[in-house]
Amino acid sequence: MAARRGALIALEGVDRAGKSTQCRRLVDALREDGHRAELLRFPDRTTEIGQLISSYLGREKNLEDHTIHLLFSANRWEHVPMMKEKLHQGVTVVVDRYAFSGVAFTSAKGNFCLDWCKQPDVGLPKPDLILFLELSPEEAAERGNFGNERYETSSFQEKVLQSFYCLMEDKTLNWKTVNASKSIEDLHREIKSIAEKTMQEVQNKPLGGLWT
Ligand code: TMP
Ligand code: MG
């Protein structure tokens with residue numbers, strides 16, 4: 001029998017829902033329990049493509065809308081060989097944003113159809129679980145001001161949220177919505193328990209391809 005594989009777990013959600021905090025907490029907790037787990041975040045600003053993306057987000061550079069969309073996707077593809085290797089070695093990979101952010105943000109610009117936005121990411125490793133951290137725009141606003149990066153306005157984020165809801169209608173994906181208005185600790189416990197259940201369920205199943 002083939003060795004057990006790790007699970008691919010994506011965290012998505014609106015800005016300030018606590019994705020990065022929860023990703024770190026999850027990886028730490030899984031490791032404490034003796035699992036092998038690693039964290040990746042998209043965009044990964046450390047690669048050459050990631051640096052271009054970062055200067056676009058920081059408004060130092062303007063890029064045409066299709067171009068930046070394809071760069072975000074390329075930034076995921078450049079990590080695929082490493083992700084597959086880890087997953088097959090039994091390492092659970094937790095990703096802070098994935099292709100769903102890619103589609104939701106670009107399609108929120110208008111005059112982009114969801115289908116065009118999905119195409120560059122077709123065939124990426126398919127997440128075994130997508131945790132959507134849900135927070136109302138009002139509660140998000142109470143958590144403080146937006147930063148100065150591109151996309152950080154409440155009107156744009158509202159459109160992003162609507163695109164996420166469209167993506168969640170796809171029942172071939174394992175979306176789980178969690179209420180992100182809970183305390184960090186309670187949310188962490190809920191996320192950890194859902195993640196552990198998924199890790200158990202998929203360990204002997206083949207890794208799928210996204211949107212294939
Ligand atoms: P971050 O704040 O999590 O570093 O993400 C940077 C911004 O990039 C955030 O506004 C979401 C956006 N984004 C996209 O537009 N497309 C993508 O594919 C990803 C991963 C993020
Ligand atoms: Mg940000």
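Readers should treat all values here as calculations from the given coordinates under stated rules, not as data from a laboratory. What you are looking at is a predicted structure, and each value in this text was computed from that prediction instead of being measured. Every residue, glycine among them, receives a Cβ derived from its backbone with ideal geometry; neighbour counts consider all protein chains shown.
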Among the candidates GLU158, GLU185, GLU152, GLU139, residue that is among the acidic types (Asp, Glu), under 18 Å from the mean Cα position of the chain (by Cα) and over 22 Å from ARG76 (Cβ atoms):
GLU158
Kindly provide the set of residues from segment 135-169 that are outside any helix (DSSP H, G or I) and without any contact (Cβ under 8 Å) to a residue 12 or more places away in the chain, ordered by number.
ASN145, GLY147, THR153, GLU169
From GLU85, GLU78, residue being free of Cβ contacts under 8 Å to residues at least 12 places away in the same chain, within 30 Å of GLN200 (Cα to Cα) and more than 16 Å from ligand 2 (Cβ to nearest atom):
GLU85
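So that you can scan it fast, the table gives a plain yes or no per residue for (1) more than 19 Å from SER101 (Cβ to Cβ); (2) buried (at least 17 other Cβ atoms within 10 Å of the Cβ); (3) of a type in the set (Gly, Ala, Ser); (4) within 16 Å of ligand 1 (Cβ to nearest atom):
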| residue | (1), (2), (3), (4) |
| --- | --- |
| LEU124 | no, yes, no, yes |
| ILE130 | no, yes, no, yes |
| GLY144 | yes, no, yes, yes |
| SER155 | no, no, yes, yes |
| LEU173 | no, yes, no, no |
| VAL178 | no, yes, no, no |
| GLU196 | yes, yes, no, no |
| GLU201 | yes, no, no, no |
Sole residue being free of Cβ contacts under 8 Å to residues at least 40 places away in the same chain, under 19 Å from TRP211 (Cβ atoms) and either surrounded by 14 or more Cβ atoms within 10 Å (Cβ to Cβ) or within 14 Å of the chain's Cα centre (by Cα) (or both), chosen from PHE112, PHE72, PHE100:
PHE72
Restricting attention to segment 104-134, and to residues there that are of a type in the set (Val, Ile, Thr) and outside any helix (DSSP H, G or I), which single residue is nearest to ARG189 (Cα to Cα)?
ILE130
Among (1) touching a Leu at 6+ places or on another chain (Cβ under 9 Å); (2) within 16 Å of ligand 1 (Cβ to nearest atom); (3) hydroxyl-bearing (Ser, Thr, Tyr) - the single one SER101 does not satisfy
(1)
Which residues, counting only those in segment 170-212, are β-branched (Val, Ile, Thr) and without any contact (Cβ under 8 Å) to a residue 60 or more places away in the chain?
THR172, THR177, VAL178
Kindly establish whether PHE112 is among the aromatic types (Phe, Trp, Tyr) and either within 16 Å of ligand 2 (Cβ to nearest atom) or in contact with a His (Cβ under 6 Å, 6 or more places away or on another chain) (or both).
no
For residues in segment 20-46 being touching an Asp or Glu at 6+ places or on another chain (Cβ under 6 Å) and not basic (Lys, Arg), which is farthest from GLU196 (Cα to Cα)?
SER20
Restricting attention to segment 18-29, and to residues there that are under 18 Å from the mean Cα position of the chain (by Cα) and crowded, with 17+ Cβ neighbours inside 10 Å, which single residue is nearest to ligand 1 (Cβ to nearest atom)?
LYS19
